[in-house]
1. Fully extended, how many nm does the chain gain between residue A:236 and residue A:789 (0.36 nm per residue separation, minus their Cα-Cα distance)?
2. Residue by residue through the range A:374-391, what is 3J(HN,Hα) from phi via Karplus (6.51 cos²θ - 1.76 cosθ + 1.60, θ = phi - 60°)? Round to whole Hz and write x for glycine and proline.
3. Using each residue's phi in the range A:276-293, evaluate 6.51 cos²θ - 1.76 cosθ + 1.60 at θ = phi - 60° and report the 3J(HN,Hα) Karplus result to the nearest Hz, with x for Gly and Pro.
4. Once you wrap a convex hull around the alpha carbon atoms of the range A:481-629, what is its projected area averaged over all directions, in nm²?
5. Stokes-Einstein D for the range A:134-232 at 4 °C, 1.567 mPa s, Kirkwood Rh over Cα pairs, in µm²/s?
6. Quick check: pseudo-label points 7 Å beyond the Cα along Cα→Cβ at residue A:445 and residue A:945, how many nm apart are they?
7. Ordering A:458, A:861 by accessible area with a probe of 1.4 Å, largest first, what comes out?
8. At 7 Å along the Cα-to-beta-carbon direction for both residue A:328 and residue A:259, put a label point, then send me their distance in nm to one decimal.
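The values are calculated or read from the model by the stated rules, or taken from the named source; none is laboratory data. Just so we're clear, the structure is a prediction, and the values are computed from it rather than from any experiment. Virtual Cβ from ideal backbone geometry, glycine too; neighbours counted across all protein chains shown. Surface accessibility is based on the protein's heavy atoms, side chains included, excluding ligands, DNA and RNA. Shrake-Rupley method; radii C 1.70, N 1.55, O 1.52, S 1.80 Å.
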Amino acid sequence: MENHREIDQKWQQYWAANNTYAAEDHSSKPKFYVLDMFPYPSGAGLHVGHPLGYIASDIYARYKRHKGFNVLHPMGYDSFGLPAEQYAIQTGQHPAITTEANITRYRQQLDRIGFSFDWNREVRTSDPKFYKWTQWIFIQLFHSWYDTEMDKARPIQELEAHFEALGTANLHAHCDEELSFSASEWQAKNESERSEILLNYRLAYRSESMVNWCPELGTVLANDEVKDGVSERGGFPVIQKKMMQWSMRISAYAERLLQGLNDIEWSEALKETQRNWIGKSKGASVQFAVDGHDANVEVFTTRPDTIFGVTFMVLAPEHDLVDVITTDEQRSEIDAYVEAAARKSERDRMTDTKTVSGAFTGAYVIHPFSGAKVPIWIGDYVLANYGTGAVMAVPGHDSRDHAFAKHFDLPIVQVVEGGNIEEEAVDAKEGKVMNSDFLNGLEVKDAIAKAISEIEAKGIGTGQTNYRLRDAIFGRQRYWGEPIPVYYENGIPKTLSEDQLPLTLPEVDKYLPTEDGEPPLARATNWHTADGHPLETTTMPGWAGSSWYFLRYMDAGNKEEFASSDKVNYWQNVDLYMGGSEHATGHLLYSRFWHKFLADRGFVNTQEPFQKLVNQGMIQGVSGYMYRVIKNAVLWTDSSSDDATLLNPSDFDIFIDRDAQKALINKEDWILERINKIFAEEISEQLQGGQTREEFKVISKPQDVRIFNSFFDDITDIVDTEKLEREELNNTGKRNYFISKGSEFYAQRIVEKMSKRWGNVVNPDDMVDQYGADVFRMYEMFLGPIEQSKPWDTKGITGVSNFLRKLTRLFENLNDDKPSADELKTLHKTIKKVNEDIENFSFNTSVSAFMICVNELTDAKCGKREILEPLTILLSPFAPHTAEELWVKLGHEPSVTQQSYPEHNEEFLVESSIEYPVQFNGKTRFNIAVAADLDRKGIEEAVLADERSAKWTEGKTIRKVIVVPGRIVNIVVG
RNA sequence: GCGGGCGUGGUGAAAUUGGUAGACACGCUAGACUUAGGAUCUAGUGCCGCAAGGUGUGAAGGUUCGAGUCCUUUCGCCCGCACCA
C-alpha cells in the first residue's frame, strides 16, 4: 500500500474519535484482561525490541474482541525511577519534567504502531492521584500481621486484642523474633514498648537489619536488585551494613507464593526461577548442647538421617556463641579469624569458594544420640544469615564438610552405603543407612522421617522447613519515589490517616543526600505533619507502584478507593500478562505478594494477579566491530600487586590500570570506555591463564577505528571472519582483513543487546515511516517464536511488505463470483491455522499461513468477495489499518473489529486429511476421515465404500486401523 | 554442584496425536522487463553427484512397518539458583 502513512493516520484518528477500544466496566460479554508490563519511560525512547510484546498482546486482545469478549487492554507508565533522578542530579531539572517529556515521546511512538489500548485508563506511578493508593496499601500492610494458623493476614487490632486477652499464649504469628509475655505484662507496657513489639509482627515494619548498601547510588537495595555482589543498575559494589530500615514481610507468604505457582499458566522456566528464589528446604532443626556451658548450638539440616555421621560442628564467624564458648587457648586464633572474615567483602566471600578456612574454638558439643564429644569450629563457608548460622558437619555426605574435614584432618564417618567417602562425599539422597544405631538398614527417605521423630521424641529439635526468601527492604534513600506515609511521634512510627493522602513529594533544592547523609527528602523545609511531627524521609522502591498498578486500570479514575469493589469483582485479575522474564524475582514476586495480601484483607477476590504469563524474548542488535591485533597489551585491576610492579608501561602498545580506566570513564569518552571494557574482559582472562604477553584482539566499532587510523574507507563490507580464511575474503572483494600502519585489522558482526551506547539501535519510527505500522507489526511477529530472543534484521521486512501488497492487489478485481472448492479450502485452511496459532501464541506461523494463503489466491487470481471478506477479519488483529481499509473497500462501515472472527468449515478441510499413501514392506498406509461414532467394523466398511480411498484398498485387506483423536483414522492395507 | 530450557540449510525458522523433513520468508544464482529500482516477474537453491542415485534434523544405541518427534546414553549451548547445610 503506497500511502500507508495516510491510511495509518486515518484509522488511528478514527479509533480515537470513536473510542473504539474503550473497555466497558459492565457487560454481558465475558471479560478478558490483556496486560503488558508497563514501560519505564526512558529518555532514549523506544527501539524495535520494546514493542515486540505489545504487538503480540495487541493481536491477542483484538482476537479476543472478535471472539466476543469484553477486553480490557490498557497501558501506562512506571514513571518513578533512577534515570530521571540521576538526570535531575546532574541538571537540576525536576524529575517530573523529564518524565513528562519522556512519556510524551513514548506515547507518540506507541500511537504510530496502531495499538488498541484503552487510553482512558492510563496510569502513571508518579502521579499523586495514583500513588495516593500505593501509600494507602502501605498503610494497610503496616496495620496487618500474619496469622500462621489461619494462614492469612489479619488486622493488627486483632493481634492487639489477642495480647490484651492472652499475651503471646496460643499465638500463631509470623514474626522476626518469637516473643513471650503474658496479658498482664502487655497491659503494663507503655505506648513505645507496645509499638516496638508490634513492629515485630507488622507486614510493613521498621527494624535494624543487615541491608545491601550501595555507596555509589547512596541507597539500600533489595536482594533482587543485587547481582553477583554489585548493583543491577550501574554495576556498583554493594556492601552489607546494619541500618534502620523499612521492610516488607514477604517471608510470611513464602509457602503460599510457592504453592500458588501450581495454579497459574506460566512458563516452567519462570516458575522454576521463583521456586529457586523462594528456596524451600525441608529438614529438621536440632539442638546440640555445648559441653560445660548452659548453651545449645542450634542447626538446621536437610539430612537428619546422617546425624550419626556428625564429626564436628561449624559456626559462622559472626555467630553469637563464638565469643561465649571459645576457650582461652584458642581465643587469639579465633579472634584473628573472625576479624579476617569480617574484613572480607560479601563479594570476595562469594567468589572465593574454593579456599577452605576455619578455626577451632576449643569447645565441644555432646552428640545427643551417641554422647560423643564433637568439636566446634568456625568457618566462613557457613553463612550467618541462612538457617541458624550453624551446621552439623557430616563430612562423609556433604562435599563442603568433606573439604573442611580433609583440610583440617578431621574424622570422616560413613553412614550411608556406597561410594568411597575418603575420596569424595556421597551426597546422593539414596541408599541404605549404616553405622547409625536405630536408623541402620533404612532407606535414606525413611531414615529422614525416623530421625525427625526420634529428635522430636527426645525434645532436642523439630522437623522444620526453611526458606531462602528474605523480607524485602522497602525504604530507599532517594528522591524520585513515593514518600512513605509515616510520621514519628516521640520516635514512634505512625501512619497518616487516609484523608492526609496523598503525601506528595516535597520540593527540594538538590536531589542529593544531605551533608550528614540523610536522604534527599530531609532537605525539604516543611517535611513534617501539620502539628510538627517529622515525616519519614525514605521513599518507596521502584517495585511499589508496579506491585498493584494492574488493579488501578480496572477503575483508574476512582477518587474514593484504589478501585471500586464491583469493578474489581468484574475484572478479577489479569488473564494474559505479557512481558520480559527479567522481572521473575522482582516485580512478579512482589505483585503476587501484594495481591495475596489484598485478597486476605478482602480487597480483591482472586489469589493470583496474573493467570497466564507469556515472556517475549529480547530483540537484539547487530553491531559491526573492528578487531585490531595488538602486539603487547596488559591490564591489571590491582596496581598494588607484585606482578604489576614488574611491568613497564612503555613496553606495551596499550597499557591500562584501574586508575586509568576510571579516568576514561569519568571523561565519558564512550569510545575509549567501550574499548576498555572489552580489554578488561579479554585481557584479564588472559592474565588469569598466566599469559601476560600474548596477542590480543581489541574490539571497537568501525567509527572508532576511524579515529585511530584514517583508512576506514578501505572497508567495502563487513563479513563474518569466523567462517572464511583471509585469502578467500580478499578474493571475494569484501575485505574484512587488512593491514594499515603496521597493525592488522579484522571486521566482524556481533549480536548483542540493543542499546544506544553500542550504536545498534533500530528505531520503530523509521520502520513505520518506511513500511507502515502493519508491515512492522507483522514482521516483528514473523521474526520467530515470541518467547525467543533474536537479532533484528531489517532486510527481511520486504517479505512481509510484499505479502500485504499482494493481498491488496487481490482487491483490484473484486467480484461476486462463486468461489471454487479449492479457493474455499485455502480460506478455511488458513482460518483454522491462524485461529490455532493465535491461541498457542505462535504468531510467526500464523503470519506464514497468511502468506501461503495469499500466494495460493494470487495463483488462482481470486478476487472473490466471499473469500476476501473473512480474510479481512482474519487479518485485522495483525494488520488493523490495512484490514479497516480493505473492509471499507468491500463496501462496509468502518470498524472491522466489531465483526466476529471467522470459523473454519470442516467440509473444506476433510479432504486434506487423506494424505499420500505411504508404501512399506508391500503394505500401504494412509489416513482417512470418517464419521466420529463408527466402531472398527464401521470404519472398515466406510473405508471400503469411500471412493477416494478405493484406489488404495482395492484387492487388499485392511491390516490395521488406528483411530486418531478426532475423525481421522490411520489405515494399513496389504 | 542443583534445577529449567534448547540443538533442523548460508540465515530466521516450519513440521497437529510418530506418517513425503526443511513449509513461509530472507539471502544467493540465472534469466525477463524496464524512464536502472531499496521495483516487479520467472526459474533454481539441504548436502554429495553431470546424472541416475545416495545422503541428511549435534553423536551413538533402542522401540516401531515408519522417529526431528518416544526411550537410554553421550556431547555442546543458553538461562536461573548457589559454600542455602
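1. 196.4 nm
2. Running phi through 6.51 cos²θ - 1.76 cosθ + 1.60 with θ = phi - 60° gives 10, x, 9, 10, 10, x, 7, 7, 8, 8, 5, 9, 10, x, 9, x, 8, 10 Hz.
3. 4, 5, 5, x, 6, 9, 9, x, 9, 9, 10, 9, 10, 6, 7, 5, x, 10
4. Seen from a random direction, the Cα hull of the range A:481-629 projects 15.4 nm² on average.
5. 84 µm²/s
6. If labels sit at residue A:445 and residue A:945, their model points lie 5.4 nm apart.
7. The ranking, largest first, comes out as A:861, A:458.
8. It is 5.6 nm.
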